[in-house]
Ligand SMILES: Nc1nc2c(ncn2[C@@H]2O[C@H](COP(=O)(O)OP(=O)(O)O)[C@@H](O)[C@H]2O)c(=O)[nH]1
Ligand SMILES: [Mg+2]
């Protein structure tokens, strides 16, 4: 059976394998994702984001239980922005989440970025699509919502849950601009600790500040208190998450969000493809130094350099097509001759 068929049939190993291929940016994965793409669009993607240490991983574990109690199948993608400092803590998170993985209807994977942040967001999109076709009803995506790149990853979800904890006020100030705008639900976790109500008040006033047109019929992000270690409030959270999905479906927001996600995904892939084609061309011709030197010496400005690269890629593709028309084997990659 072909790998995509296997994934559709619910084969865990085939699913894990394709996610690994996507993460490694294996060229074969692109062909497989093409096959997967038209079959996507069933799952509810839920982003769980917030600063490190607020209890996202614990919350994800509890949410998995909550969704399983409602007979939903669950996929989890834990996104590690490959910071050299996060390795240890992240393994701890995974171990905690793995305790749940005895259940066949739960699939848990971590994803790390080996290259650029752009590469990570391409991989997360693909992995979410794979889990969608694999048949998961809900896909929980845990990201550390601090940098712009992570905000962009959280944004691919239909429902974005922003997790905070008591005493998070200062962090909130710093984060407000990016993540607050995209949060559909706000959670004050560690509500068993003192100061939870004060954090709720902080969040309310931050929400009030960014409130736009009062006449616009808009989802007002609710604020929920939870304790991920005791499970308190989690049932509420699951209910609100499901309610949000209903809301965006009924108000035609779901489709809009999907189109936005696919547009961003396309632009990410476009950027990545051009970079890859250029870089592999440089490797083949060992001309990287020449380009970098010229740009570094201010002999060539980066705008002109970018235009030249696009022209070179275009030319190389034309040459390749011409060769095919002339009946010659097009064994040389376009990028080899591009630079
Ligand atoms: N008191 C309390 N501690 C919590 C709660 N949720 C998580 N923690 C603890 O906070 C720490 C960080 O949790 P983790 O889920 O790894 O946070 P993450 O970095 O946001 O994923 C761990 O030591 C958890 O045991 C909670 O609701 N109450
Ligand atoms: Mg975590």
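One line per residue, one yes/no per condition, for (1) within 16 Å of ligand 2 (Cβ to nearest atom); (2) in contact with a strand residue (DSSP E or B) (Cβ under 9 Å, 6 or more places away or on another chain); (3) outside the structural domain of residue 15 (by TED's automatic domain parsing):
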site: 37; (1), (2), (3): no, no, no
site: 46; (1), (2), (3): yes, yes, no
site: 54; (1), (2), (3): yes, yes, no
site: 59; (1), (2), (3): yes, yes, no
site: 63; (1), (2), (3): yes, yes, no
site: 71; (1), (2), (3): no, no, no
site: 74; (1), (2), (3): no, yes, no
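Residues of the stretch 293-313 being over 31 Å from the mean Cα position of the chain (by Cα) and either part of a helix (DSSP H, G or I) or surrounded by 13 or more Cβ atoms within 10 Å (Cβ to Cβ) (or both), which ones? Answer for the stretch 293-313, where residues must be over 31 Å from the mean Cα position of the chain (by Cα) and either part of a helix (DSSP H, G or I) or surrounded by 13 or more Cβ atoms within 10 Å (Cβ to Cβ) (or both): 293, 294, 295, 296, 300, 304, 308, 311, 312.
Taking the stretch 200-214, which residues are at pLDDT below 90 and either closer than 10 Å to residue 164 by Cα or not assigned by TED's automatic domain parsing to the domain that holds residue 47 (or both)? Once the filter is applied, which keeps residues that are at pLDDT below 90 and either closer than 10 Å to residue 164 by Cα or not assigned by TED's automatic domain parsing to the domain that holds residue 47 (or both), the stretch 200-214 yields only 203. Candidates are the residues of the stretch 125-153 that are modelled with pLDDT under 80 and within 16 Å of ligand 1 (Cβ to nearest atom); the one that is surrounded by the most Cβ atoms within 10 Å (Cβ to Cβ) is 145. Determine whether the stretch 268-288 contains at least one residue that is at negative phi, touching a residue at least 40 places away in the same chain (Cβ under 8 Å), touching a helix residue (DSSP H, G or I) at 6+ places or on another chain (Cβ under 9 Å) and not in a helix (DSSP H, G or I). Taking every residue of the stretch 268-288 in turn, at least one turns out to be at negative phi, touching a residue at least 40 places away in the same chain (Cβ under 8 Å), touching a helix residue (DSSP H, G or I) at 6+ places or on another chain (Cβ under 9 Å) and not in a helix (DSSP H, G or I).
The values are calculated or read from the model by the stated rules, or taken from the named source; none is laboratory data. Just so we're clear, the structure is a prediction, and the values are computed from it rather than from any experiment. So basically every Cβ, Gly included, is an ideal-geometry build from the backbone, and we count neighbours across all protein chains shown.
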